[in-house]
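Take a look at the structure set out below.
The values are calculated or read from the model by the stated rules, or taken from the named source; none is laboratory data. Just so you know, these numbers come straight off a predicted model, no measurement behind them. Here the Cβ is made from the backbone with ideal geometry for all residues, glycine too, and neighbour counts use every protein chain on show. Note: accessible area is taken over every heavy atom of the protein model, side chains too, but ligands, DNA and RNA are not part of it. Shrake-Rupley method; radii C 1.70, N 1.55, O 1.52, S 1.80 Å.
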Amino acid sequence: LGDGPEVVLDDTLAVTLACAKESELARKQVRAMFKAWFGCRPQVGAAEPGDPAPKIADAYRIHASKGALRIDAADAGGARNAMRTLRQLAEPARGTRAVTAHLIPETVIDDAPAMAFRGFHLCWFPENTPVEIERYIRLAAYYKMNYIVLESWGMFVFKNHPELAWPGSTMTPREIKRLVKIANELGVTLIP
């Protein structure tokens, strides 16, 4: 990172995405993240065939320079991790009353996970709500975790034996299905 020029994350940004695997999924997710996190819709184009991309799962390389952004990713997980890093770096444009764009410094980042299993252990106690559990899942994904061990502590409401759960438990099969769907979209595997 330097004190030099900045790259503006707005609709005029040119983004090149090189993805070794799951390239269409990665482009779709990158577009959605730019819209959700930065409020913009830059053009996300594919890199030339044969361009080098990282080989390790969830690895990525960011090159931001001269108004352009290039993301090289091993897979869709790497593209998501690159976007999470951009979100951590980005700052709102200064000197405006409302947020009009976000800025990142010109930079090159080459990152890969040191461990394939990056986990988080989460206990669902009687005082926890589904909203809190969802927040923890999103936070774990934001910090590039890829697994969450979800311990129920007698909170799961079994269809055939509801008496095994704490009274008023919010850990229902419907809630679990919703959380699994969210986790899958974020690239996180839930382990009961």
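When the C-alpha to C-alpha distance is required to be over 23 Å, the pairs from K55/K181; K66/K144; K35/K181; K21/K144 that qualify are K55/K181; K66/K144. Given H placed 1.01 Å from N in the peptide plane, which residues other than close sequence neighbours of V7 have an amide H under 5 Å from its amide H? Long-range HN contacts for V7: I104, E106. Computed on the chain, with alpha-carbon pairs under 8 angstrom and 6+ residues apart, the relative contact order is 19 percent. Of all beta bridges that DSSP places with both ends in segment 1-95, some 40 percent have antiparallel geometry. Are there any GluC sites (Glu not before Pro) in segment 104-148 that are in a DSSP loop and have at most 11 other Cβ atoms within 10 Å? List them by number. Here the sparse-neighbourhood loop sites are E127. Shape class for segment 1-103: prolate, because the ratio a/c of the largest to smallest gyration tensor axis (alpha-carbon atoms, square roots of eigenvalues) is 1.5 or more and a/b beats b/c. Summarise the accessible area of the chain (1.4 Å probe, protein heavy atoms) by the percent that is carbon and sulfur. That fraction is 57 percent.
In percent, rounded to a whole number, the relative contact order of segment 99-192 is 29, using alpha-carbon pairs under 8 Å and six or more apart. Heavy-atom accessible area per residue, the chain, 1.4 Å probe: how many Å²? Solvent-accessible surface per residue comes out at 58 Å². Within the shell defined by Cβ-Cβ distances under 15 Å, the residues around I191 carry a net charge of 0, with Lys and Arg each +1 and Asp and Glu each -1.
In order along segment 134-145, the phi-based Karplus estimate (6.51 cos²θ - 1.76 cosθ + 1.60, θ = phi - 60°) of 3J(HN,Hα) comes to 4, 4, 5, 4, 5, 5, 4, 5, 4, 8, 6, 6 Hz; Gly and Pro are listed as x.
For segment 67-147, the set of trypsin sites (Lys or Arg not before Pro) satisfying both a DSSP loop assignment and a count of at most 14 other C-beta atoms within 10 Å is given as R94, R97.
Once each of the chymotrypsin sites (Phe, Trp or Tyr not before Pro) sitting in a DSSP loop with at most 15 other beta-carbon atoms within 10 Å is removed, the chain keeps 1-116 as its longest stretch. Of all beta bridges that DSSP places with both ends in the chain, some 45 percent have antiparallel geometry.
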